[in-house]
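Student: One structure, as structure tokens, below. Some questions next.
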């Protein structure tokens, strides 16, 4: 037993917490690794011990997780002063859930109204048809995706060219026995090191540039062929 805020607080091992909450031991270890949920005590035997407060904190983490927040976002939320107490965090979660319920109710009303109109052969007002639906600009999202792909390809191409350049320059230095850095055997070792780096850059980036791209294109062609012959 441990005292926390003047209240006796039971301690539980990782396996006990896993059994009581349904959260896997692996997950608890991972949360400790990323410093999202730290055990209250680590015994001399290396065992991790969690308190009732830790279990409540685990509940809050999983509530945010269920709402769709990433672990990174959860860690940020839980580290802010605005949500430093359990009551503040639970109130925040309740606010998010109530907002989600309100949006869901609007969508349910829209679907029900659309279904009723279809069954009666009536035409809904266009404004009513789109109540509660997501109207975000997908073209912007698509543009950002395309830009990300382009920059990724350019970055890979730079590494491909860099790999070729390093390999040629330092391999030549080894062949003519004129190291670019250092002299004698030390310079040769440096040259060999950069040749290895160059070959690695060349092979890895080349694989991503050509093999992966070719594989994707073949998959697209194969899908079109299958669809055509169905």
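The values are calculated or read from the model by the stated rules, or taken from the named source; none is laboratory data. Being a predicted model, the structure only gives us computed values, none of them experimental. Note that each Cβ is placed from the backbone with ideal geometry, even for glycine, and that neighbours are counted across all protein chains shown.
Student: Within the stretch 41-55, which residues are in contact with a helix residue (DSSP H, G or I) (Cβ under 6 Å, 6 or more places away or on another chain) and either in a helix (DSSP H, G or I) or modelled with pLDDT of 95 or more (or both)?
Tutor: 50 - this is the single residue of the stretch 41-55 that is in contact with a helix residue (DSSP H, G or I) (Cβ under 6 Å, 6 or more places away or on another chain) and either in a helix (DSSP H, G or I) or modelled with pLDDT of 95 or more (or both).
Student: Right, here's the next one. Residues that are surrounded by 13 or more Cβ atoms within 10 Å (Cβ to Cβ) and either modelled with pLDDT under 85 or within 23 Å of the chain's Cα centre (by Cα) (or both): find the helices (runs of 4 or more DSSP H) completely inside the stretch 80-176 holding 1 or more of those.
Tutor: Output list reads 86-120, 138-175.
Student: Out of the residues in the stretch 67-79 that are within 23 Å of residue 22 (Cα to Cα) and not in a helix (DSSP H, G or I), which is farthest from the chain's Cα centre (by Cα)?
Tutor: Out of the qualifying residues, it is 67.
Student: Can you name the residue in the stretch 36-66 that is within 18 Å of the chain's Cα centre (by Cα) and without any contact (Cβ under 8 Å) to a residue 24 or more places away in the chain and, of all such residues, is surrounded by the most Cβ atoms within 10 Å (Cβ to Cβ)?
Tutor: 65
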